[in-house]
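**Student:** Please see the structure below; I have some questions.
Nothing in this text is a laboratory measurement; each read-out follows from the coordinates by a stated rule. From a predicted model like this one, the values you see are computed outputs, not experimental measurements. Glycine gets a Cβ as well: all are built from the backbone with ideal geometry, and neighbour counts include every protein chain shown.
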């Protein structure tokens, strides 16, 4: 089987129209009147998606800080946070998947004489 030549950026990304997405486009007077659609992109919809993602990223930061505070509280009460993190990770997973993994772990440890 032979190699095929790589397709252009436009065809790979499905942009067509011969536009290079990495080259700034010059804006004429008629283009300024139609700023809502440039290169087939709905600017307002794109802006809303980006704003939404940025808000969610901020919420994610706040939640991460809250989780860190809870782990600090656990530690101050004498709990082992490493073990608590393991428990949280285990509880995210399916019970059957955890049991199968534990059986394999036990088998490997037994094979090494460490069981």
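**Student:** Residue 51 to residue 71: FRET efficiency via 1/(1 + (r/R0)^6), r the Cβ-Cβ distance, R0 30 Å, to the nearest 0.05? Display every interim value, and only then the final one.
**Tutor:** Working: r = 31 Å, r/R0 = 1.03.
Efficiency, from the Cβ-Cβ distance: 0.45.
**Student:** Test of understanding: what is the full-extension gain from residue 94 to residue 114, defined as 0.36 nm times their sequence separation minus their Cα-Cα distance?
**Tutor:** On the way: separation 20, 0.36 × 20 = 7.20 nm, distance 2.65 nm.
Value of the extension gain: 4.5 nm.
**Student:** Once a ≥ b ≥ c are taken as the square roots of the eigenvalues of the Cα gyration tensor of region 75-115, is the result rounded (a/c under 1.5), prolate (a/b larger than b/c) or oblate (a/b not larger than b/c)? Don't jump to the answer; show the numbers that get you there.
**Tutor:** Details: a/c = 5.32, a/b = 1.60, b/c = 3.33.
Judged from the Cα gyration tensor, region 75-115 comes out oblate (a/c at least 1.5, b/c at or above a/b).
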